[in-house]
Amino acid sequence: MKPTRAVIAVLLASAWISINEFIRNTFVLHDAWVSHYQGMGQSFPEAPVNGAVWGLWSLVFAVVVLVISTKFNLIQTTIISWVIGFALMWIIIGNLGVLPMAILPVAGPWSVVEAFGAAYICSRLIKS
């Protein structure tokens with residue numbers, strides 16, 4: 001794998017992930033998040049620093065997807081990446097009580113598409 005292809009793959013995958021996260025959580029599920037946090041007597045964390053942390057998460061997730069894609073096929077990469085990036089995160093934030101379970105019917109399938117897109121980008125760029 002050429003280093004420049006790896007960097008481009010990570011940047012494109014990170015952009016794909018960030019765009020999906022932003023649209024899903026800012027436009028589609030925003031009211032559910034805000035309502036859930038209000039029900040806990042808290043404010044939904046949406047300060048710029050929170051966005052920066054999600055940007056960092058997207059970049060790290062893209063690197064993980066790239067590494068996995070060098071060893072596994074597209075479907076395997078998607079499944080492994082999805083479990084690492086989403087299922088484990090939801091288990092933790094669900095355990096903490098800060099996950100509005102009502103979002104999962106939308107967030108679940110959307111996150112699979114998100115993981116697939118990142119896996120596709122990485123797989124195509126490193127194997128071509």
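By the gyration tensor of its Cα atoms, with a ≥ b ≥ c the square roots of the eigenvalues, what is the shape of the chain: rounded for a/c under 1.5, prolate for a/b over b/c, or oblate? Here the chain falls in the prolate category.
Residue by residue, the range 91-101 carries 3J(HN,Hα) couplings of 4, 5, 6, x, 4, 7, x, 9, 9, x, 4 Hz when phi is fed to the Karplus relation 6.51 cos²θ - 1.76 cosθ + 1.60 (θ = phi - 60°); x denotes Gly or Pro. Each peptide in 69-80, 18-29, 38-49 receives the mean, over its residues, of other Cβ atoms within 10 Å, and ordering these scores from highest gives 69-80, 18-29, 38-49. Averaged over its residues, the chain has an accessible area of 57 Å² per residue, based on protein heavy atoms and a 1.4 Å probe. The string of couplings for the range 53-65 from the Karplus curve (6.51, -1.76, 1.60, θ = phi - 60°) is 5, 5, x, 5, 4, 4, 5, 5, 4, 4, 5, 4, 4 Hz, one whole number per residue in order, with x for Gly and Pro. Which distance in Å, rounded to a whole number, links the C-alpha centroids of the range 72-128 and the range 3-56? Comparing the Cα centres of the range 72-128 and the range 3-56, I get a distance of 13 Å. Using the charge dipole of the chain (Lys, Arg: +1 at Cβ; Asp, Glu: -1 at Cβ; taken about the Cα centre), state which of 120, 104, 49 has its Cα farthest towards the positive end. Farthest towards the positive pole: 120. Rolling a 1.4 angstrom probe over the chain with all protein chains present gives an accessible area of which 73% lies on carbon and sulfur atoms.
Around the Cα centre of the chain, unit charges on the Cβ atoms of Lys, Arg, Asp and Glu (plus for the first two, minus for the last two) sum to a dipole of about 620 debye.
The values are calculated or read from the model by the stated rules, or taken from the named source; none is laboratory data. The shown structure was predicted, so the numbers you read here are calculated from the model rather than taken from an experiment. Ideal geometry is used to build each Cβ from the backbone, glycine not excepted, and the neighbour counts take in all protein chains shown. When the accessible area is computed, the model is the full protein with side chains, heavy atoms only, and any ligands, DNA or RNA have been set aside. Shrake-Rupley method; radii C 1.70, N 1.55, O 1.52, S 1.80 Å.
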